[in-house]
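**Q** Attaching a single structure in structure tokens format; questions to follow.
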Amino acid sequence: MKFSSYTSTALLAAKKGVSVLLKYYNSDILNIEYKGEIDPVTQADINSQKEIIKVIKNIFPQDGIFTEEDEINEIEKEYCWIIGPLSDGTVNFVHSLPMFCVSIGLKFKNEIISSIIYSPITKEIFIAEKNKGAWLNGKKIRVSKTEDLIRALAVTGFPYYIKKIL
């Protein structure tokens, strides 16, 4: 499948971010800090994010950036890249649990038009682009045909504010 230059850029940026993460994975050089009581951030998150932004800004310097770690918020720009440099996984990453990824989405006006999720340990690259569908490692994927929730597989995580809920 031939994807747009936006999606190709997101993939290139995700690969750069992943290469940073893998340098830190399962190491003692994480330099863990906390944004809240239980919300960690590491040097891996920060450096991955820097590499991702560098790739994107080199190709699309006029586009906005919305990030998790540096709290860059240019969401109002017509094109805005939404970056998760260590998505759904900093806690996993800190504990060497191999379930984490780099996530990059691109918003045009008020619509997501492209996204990448790269899970380096499982070697899975999910790509979705408006009007082109979703793909996993080059193979077209689709939503489940399962209609009954009781027959479906539901996967979730707990939010960082879980203490407030309990």
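The values are calculated or read from the model by the stated rules, or taken from the named source; none is laboratory data. Just so it is clear, the structure is predicted and the values come from calculations on it, not from any experiment. All Cβ positions, even for glycine, are placed from backbone atoms using ideal geometry, and neighbour counts span all protein chains on display.
**Q** Within the group Ile75, Ile82, Ile127, which residue is over 15 Å from Tyr25 (Cβ atoms), part of a loop (DSSP other than H, G, I, E, B) and in contact with a Phe, Trp or Tyr (Cβ under 9 Å, 6 or more places away or on another chain)?
**A** When all the criteria are applied, what remains is Ile75.
**Q** Among the residues of segment 67-81 satisfying the criterion of being at pLDDT below 95 and buried (at least 18 other Cβ atoms within 10 Å of the Cβ), which is nearest to Glu111 (Cα to Cα)?
**A** If we take residues in segment 67-81 being at pLDDT below 95 and buried (at least 18 other Cβ atoms within 10 Å of the Cβ), then Thr67 is nearest to Glu111 (Cα to Cα).
**Q** Restricting to segment 1-29, and then to whatever is among the charged types (D, E, K, R) and over 17 Å from the mean Cα position of the chain (by Cα), can you tell me which residue is modelled with the highest pLDDT?
**A** Once the filter is applied, the top-ranked residue is Lys23.
**Q** So is Ile56 assigned to a helix (DSSP H, G or I), hydrophobic (A, V, I, L, M, F, W, C) and under 17 Å from the mean Cα position of the chain (by Cα) or not?
**A** In short, yes.
**Q** Quick check on segment 51-66. Is at least one of its residues surrounded by fewer than 16 Cβ atoms within 10 Å (Cβ to Cβ), farther than 19 Å from Ser114 by Cα and free of Cβ contacts under 8 Å to residues at least 40 places away in the same chain?
**A** So far as segment 51-66 goes, no, none of its residues is surrounded by fewer than 16 Cβ atoms within 10 Å (Cβ to Cβ), farther than 19 Å from Ser114 by Cα and free of Cβ contacts under 8 Å to residues at least 40 places away in the same chain.
**Q** Taking segment 85-116, which residues are assigned to a strand (DSSP E or B) and surrounded by 22 or more Cβ atoms within 10 Å (Cβ to Cβ)?
**A** Within segment 85-116, the subset assigned to a strand (DSSP E or B) is 85-87, 101-108, 111-116.
Of everything in segment 85-116, those that are assigned to a strand (DSSP E or B) and surrounded by 22 or more Cβ atoms within 10 Å (Cβ to Cβ) turn out to be Pro85, Leu86, Cys101, Val102, Ser103, Ile104, Leu106, Ser114, Ile116.
**Q** Sticking with this one: Taking the residues in segment 30-53 that are hydroxyl-bearing (Ser, Thr, Tyr) and not in a helix (DSSP H, G or I) as candidates, determine which candidate is nearest to Gly105 (Cα to Cα).
**A** Within segment 30-53, the match that is nearest to Gly105 (Cα to Cα) is Thr42.
**Q** Go through segment 123-145 residue by residue and tally those that are more than 17 Å from Ala10 (Cα to Cα) and surrounded by 11 or more Cβ atoms within 10 Å (Cβ to Cβ).
**A** 1
**Q** Out of all the residues in segment 30-38, is one or more buried (at least 19 other Cβ atoms within 10 Å of the Cβ), over 15 Å from the mean Cα position of the chain (by Cα), under 28 Å from Val155 (Cα atoms) and hydroxyl-bearing (Ser, Thr, Tyr)?
**A** There is no residue in segment 30-38 that is buried (at least 19 other Cβ atoms within 10 Å of the Cβ), over 15 Å from the mean Cα position of the chain (by Cα), under 28 Å from Val155 (Cα atoms) and hydroxyl-bearing (Ser, Thr, Tyr).
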